[in-house]
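My structure is below; once you've seen it, I'll send some questions.
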Amino acid sequence: MDKYHQSQQLLAQLENRLQHHQYWETIAPEPQSLASIEPFAIDTLACHQWLQWIFIPKLRYLITHNLPLPTQFAIAPYVEEAMKNQPGMVDIVVTVREIDQLFKD
């Protein structure tokens, strides 16, 4: 299975876990919140919002347009810290670690 297909599966898994633990939102944040220039939009979005509204869509765009995928990133430490003690954190972090591992090479 190629990296594009694995990425699609992991993003779907992340989306499912966010939905299962009731972090998935039906209404998008305000455009100015999505336009943050801070890492992880930490000044305007909660971690689950950043995953849903920025991270997942950007990776899906790269995948669907067959563009080069990022390498050498690690978002799991941020997700783990930002979601510390929140319901479902372990499930979400496990998936995010798998994504990090996939893009490690």
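The values are calculated or read from the model by the stated rules, or taken from the named source; none is laboratory data. Since the structure is predicted, the reported quantities are computational estimates derived from the model, not experimental observations. Note: ideal-geometry Cβ built from the backbone for every residue, glycine included; neighbour counts use all protein chains shown.
Which ones in the range 78-101 are touching a residue at least 40 places away in the same chain (Cβ under 8 Å) and within 15 Å of residue 56 (Cα to Cα)?
Within the range 78-101, the subset touching a residue at least 40 places away in the same chain (Cβ under 8 Å) is 82, 87-88, 91-92, 95-96, 98-99.
92, 95, 96, 98, 99 - these are the residues of the range 78-101 that are touching a residue at least 40 places away in the same chain (Cβ under 8 Å) and within 15 Å of residue 56 (Cα to Cα).
Further question on the same structure: Find the residue count for the range 20-33, including only residues that are assigned to a helix (DSSP H, G or I) and in contact (Cβ under 8 Å) with a residue 40 or more places away in the chain.
Number of matching residues: 1.
Looking at the range 38-57, is at least one residue touching a Phe, Trp or Tyr at 6+ places or on another chain (Cβ under 6 Å), over 22 Å from residue 101 (Cα atoms) and at pLDDT 95 or above?
Within the range 38-57, one or more residues are touching a Phe, Trp or Tyr at 6+ places or on another chain (Cβ under 6 Å), over 22 Å from residue 101 (Cα atoms) and at pLDDT 95 or above.
Counting just the residues of the range 41-70 that are in contact (Cβ under 8 Å) with a residue 12 or more places away in the chain and not hydrophobic (A, V, I, L, M, F, W, C), which one comes out nearest to residue 9 (Cα to Cα)?
60
So, one more: Looking at residue 97, is it in a helix (DSSP H, G or I), in contact with an Asp or Glu (Cβ under 6 Å, 6 or more places away or on another chain) and either buried (at least 18 other Cβ atoms within 10 Å of the Cβ) or not aliphatic (A, V, I, L, M) (or both)?
Details: in a helix (DSSP H, G or I): yes; in contact with an Asp or Glu (Cβ under 6 Å, 6 or more places away or on another chain): no; either buried (at least 18 other Cβ atoms within 10 Å of the Cβ) or not aliphatic (A, V, I, L, M) (or both): yes.
In short, no.
Being assigned to a helix (DSSP H, G or I) and of a type in the set (S, T, N, Q) is the filter; apply it to the range 34-90 and report the residue that is surrounded by the fewest Cβ atoms within 10 Å (Cβ to Cβ).
Out of the qualifying residues, it is 64.
Here is a further query. Going by what's in this entry, would residue 17 be described as among the basic types (Lys, Arg) and either surrounded by fewer than 14 Cβ atoms within 10 Å (Cβ to Cβ) or touching a residue at least 40 places away in the same chain (Cβ under 8 Å) (or both)?
yes
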